[in-house]
Amino acid sequence: MPIRLILIDSAIRSAWSRMIHLWKPMAAWTFIVWLLLTIFLVPFTSALVGWGLLRGDRLVVSNEDIIQWALSPLGVSYILIVGSMAIIGSIVRFAGLFQIIYQDIKRTPPSFFSVLNIIVSKVPTLFKASVLSILGAILLIIIAGGGVSLCYHIFLGEFDINYYLVNQPTEWIHFLISAGTWLIIWGFFTLYLLGRSFLALPAYIDCDISLISALKKAWEISGSQTIRLLRLLAVSAAIWIFTVFVFESSFLYAVTVVAEWVMDSSSGTRPLLFLAGGYILASQLMRVILGFLGFSFITSLVSKFYLENTKLYTEGRPAPRLSELSSRFGSFILRWLKPVRIIVVISLFFVGSMFASGFVLSSIPSGEDVVISAHRGGPPPTPENTLAALEQAIAEGADFSEIDVQRTADGVVVLMHDLDLMRVANDPRRVTDVNFDEIRNIVQISEDNSPFTMKKIVTLNDFLEQSRGRINTMIELKYYNNDPRLVRDVVQIIQNLGMREEVLVMSMSLQALRELQNLDPEIKRGFVSAVAVGDLSRLPVQFLAVNQTQINSALIRSAHRQNMEVFAWTVNKSDDIVRMINLGVNGLITDYPAFTAEIRREISDMTIAERLMLNLTGWITQDDSENKARDQLQELIR
């Protein structure tokens, strides 16, 4: 069906009219739900998780352990509690908006207390519905993951996953096709179930029946109209996302233009600070309004779809015409356009902007103290984890060389990231299955002109001897198998070389880090996190190395309160580098240390006003050219 026909669908027009007609009680109900969640549910959930499920030795669950934990009774309990608390807010909000629409159609003026009374009486069952929704979602995710896992074991189980990601052999293509086909089938099946079950909630609220009966009623109502409902929801969601994008992009562009004018017109930072604070307030307010409109419209659409199949809708109050609503809205605006009210609003906005601007000023780091670590030894095209990579990292001015270590079958600690040698040397053998003498002369595949002796697999001892006094080293302990000697041997090598002050040791294994603490508490230790559940700042470590997608200002503040440093990995794009520096990380692990150092220098040379400008207008355009990054930064602060 063409988009034009969908947009003029009676359900779309009616839902839009009804939402605008009822925006006041809908906004009041939304605010009350938000307030109750903020005051009661969020602190209760946080306390329950922090004091109960993740207490004792299980401070954090992360990385590979997270799947096993999620399937355990403790993990399932956590997911059910946190997920249910999150979903129940949306369900309660939907239920209240549905009641407002329901009362309006019955020609009964929506009453807050009548709506509240109905919803409160149903909260226990609504919570039950939330739990069942989470369980259903878990089951669907397990089915999807099980199919992808089966495809992986059929096509990719032989070598380390990094080999397939980089080399992309025929088996990788077969895996993508089979896994993609499975996910498409799973997606259609899931959408069909959702379409048939979507009306269960309004059916439950409307009728005094059990959830099972409501689900049966939803299947009866949706029937052959499932595709229509899904189509309307998809188009409505797409329009809402597009609207948010347009508003935010236009607003950001307008603020950028004003900020440039302010910088040209004033040499002080106060006007720009005020603009930054106003931007924070206005952008958050805009997101709240757009979020409210989007959720309310979807609720109105689903309510219309449900109620149009009942006798009530044909006998109830029709949605007012848009022309009538426009007239009401114009009158409402005129009533508000009074000098006293305008002055009050502007004054409140001014005061709020000043507070927000103070927060902005206190949260802008200079960037000059951010250390740069060369990922896997040094930048490409030198082969990773080699002496050639080390020399290139030093040449490009990196502060650290980050390496990966594991032990061979005869107990030699060597530098190697993957489980096997397939990606780096086209050799299928696993590191832990061979002696060092069998692989010491293997030259890694590369496109640089380094001597062959610099591109061979190297021991940790030789690497540290080469780096001593020239560059610091971040050592990640790789645990593909249970190797009880790895920590002990690494500590012994560091102690023998007297390099405690020149190394950091990190791992995804908390057990290994606790062993490191017992063996030598003077060696600085850190936890590597790709994805985690729990508060990382509670860990007994001196620093965190966190996937950049998991880093936010709350994590940074929490870690710094515990005197922990935060390193972001693997940060290669210019906009990500700027974003991480602006968030206040202590270090960046990157494949391009010279490129990153140039951006760090540009930011540290900026004035307060220029850094405000950079924070205010977003990140520079993605481009991995060093000269282009410099030009973009200079153009941005000009």
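The values are calculated or read from the model by the stated rules, or taken from the named source; none is laboratory data. On a predicted model such as this, the values are computed, not experimentally measured, just so you know. With ideal geometry, Cβ positions are generated from the backbone for all residues, glycine too; neighbour counts draw on all protein chains shown. Heavy atoms of the whole protein, side chains included, go into the accessibility calculation; ligands, DNA and RNA do not. Shrake-Rupley method; radii C 1.70, N 1.55, O 1.52, S 1.80 Å.
What to note about this one:
- Across the range 442-459, rounded Karplus estimates of 3J(HN,Hα) from the backbone phi angles (6.51 cos²θ - 1.76 cosθ + 1.60, θ = phi - 60°) give 6, 9, 6, 5, 6, 10, 8, 9, 5, x, 4, 5, 8, 10, 7, 5, 10, 7 Hz, Gly and Pro being marked x.
- Residue among 198, 223, 271 farthest towards the positive dipole end of the range 167-293, charges placed on Cβ: 223
- Packing-based ranking, highest mean first, of 78-88, 413-423 given that Cβ atoms within 10 Å are counted: 413-423, 78-88
- Protein accessible area in the range 190-292, 1.4 Å probe - carbon and sulfur %: 71
- HN-Hα J in Hz across the range 396-406 - Karplus 6.51, -1.76, 1.60, θ = phi - 60°, x for Gly and Pro: 8, x, 5, 7, 9, 10, 8, 10, 10, 10, 8
- Once C-alpha pairs closer than 8 Å and six or more residues apart are averaged by separation and normalised to the residue number of the range 488-542, the relative contact order reads 34 percent.
- Close amide H partners of residue 371, meaning residues 5 or more places away or on another chain with modelled amide H under 5 Å apart, are 587, 588.
- Per-residue ³J(HN,Hα) for the range 530-542, Karplus 6.51 cos²θ - 1.76 cosθ + 1.60, θ = phi - 60°, Hz, x for Gly and Pro: 8, 8, 8, 10, x, 8, 4, 6, 7, 6, x, 9, 9
- Normalised contact order of the range 152-238, rounded percent, pairs of Cα under 8 Å and 6 or more residues apart: 21
- Using a simple spin-label model with pseudo-atoms 7 Å out from Cα toward Cβ, residue 67 and residue 488 lie 3.1 nm apart.
- Centre-to-centre separation between the Cα atoms of the range 229-261 and those of the range 449-508: 49 Å.
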